[in-house]
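Below is one structure, written out as structure tokens; comments come after it.
The values are calculated or read from the model by the stated rules, or taken from the named source; none is laboratory data. Source: prediction; values computed, not measured. Every residue, glycine as well, gets a Cβ built from its backbone with ideal geometry; the counts of neighbours run over all protein chains shown.
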Amino acid sequence: MKKTILWSTVPLAIAMFSYFDTSKAFDFETLVFQVTMPGIDEELMFRAILLGLLLKSFKDKFTIFKINLGNPSVLFVALLFGLVHGIHVSNNLKVGFEFVSFSGSFTFGYIWGWVTLMSRSILQAVVSHNLTNFIMSLLRMVN
């Protein structure tokens, strides 16, 4: 339990770098949204439903060159989570890809997937996800 709580705080620590990102105007509605919804709906979709289904489909251990990478379903769900956040479609239907958004979301998704798997609950991932989004938004607003 201590290990999963510790890993749940890693995205929060990384979120502190949002202070150096482009600033945005203060918006209380955005902060309320970020502290409630994304963690709930995304964690339910990616970690509860998708991860739960894939855990039953894949083997428990995945090894490459004698290195145990754990369950591949966590990696697969993190990849999908990163792609959902990295691929953007503009108003004129032009598709774009932002590597920074993808890599950050992939990393956070992998951590939250691992935390969900080890704790057997999405509660820590939901709280960590919501707080991470809230801190990232707030730091951009006070910048």
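Some values worked out for this structure:
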read-out	value
Meets criteria (surrounded by fewer than 23 Cβ atoms within 10 Å (Cβ to Cβ) and assigned to a helix (DSSP H, G or I)) for LEU131	yes
Test: ASN68 is surrounded by fewer than 16 Cβ atoms within 10 Å (Cβ to Cβ) and either at pLDDT below 90 or at negative phi (or both)	yes
Among the residues listed as GLY52, GLY109, the single one being surrounded by 13 or more Cβ atoms within 10 Å (Cβ to Cβ), closer than 25 Å to LEU139 by Cβ and among the small types (Gly, Ala, Ser)	GLY109
Selected residue (only one of VAL74, VAL126, VAL84 is part of a helix (DSSP H, G or I), of a type outside the set (Gly, Ala, Ser) and in contact with an Asp or Glu (Cβ under 6 Å, 6 or more places away or on another chain))	VAL126
MET141 vs. criteria touching a residue at least 24 places away in the same chain (Cβ under 8 Å), touching a Lys or Arg at 6+ places or on another chain (Cβ under 8 Å), under 16 Å from PHE17 (Cβ atoms) and assigned to a helix (DSSP H, G or I)	yes
Residues being acidic (Asp, Glu) and exposed (fewer than 15 other Cβ atoms within 10 Å of the Cβ) - total across the range 1-45	4
Number of the condition not met by LEU54 [criteria: (1) under 21 Å from LYS2 (Cβ atoms); (2) without any contact (Cβ under 8 Å) to a residue 60 or more places away in the chain; (3) in contact with a helix residue (DSSP H, G or I) (Cβ under 7 Å, 6 or more places away or on another chain)]	(1)
Out of LEU83, LEU139, sole residue that is over 25 Å from GLU29 (Cα atoms), modelled with pLDDT of 90 or more and not hydroxyl-bearing (Ser, Thr, Tyr)	LEU83
Scan of the range 7-55 for residues that are closer than 18 Å to GLY113 by Cα, part of a helix (DSSP H, G or I) and of a type in the set (Val, Ile, Thr), ordered by number	VAL10, ILE14, ILE40, ILE49
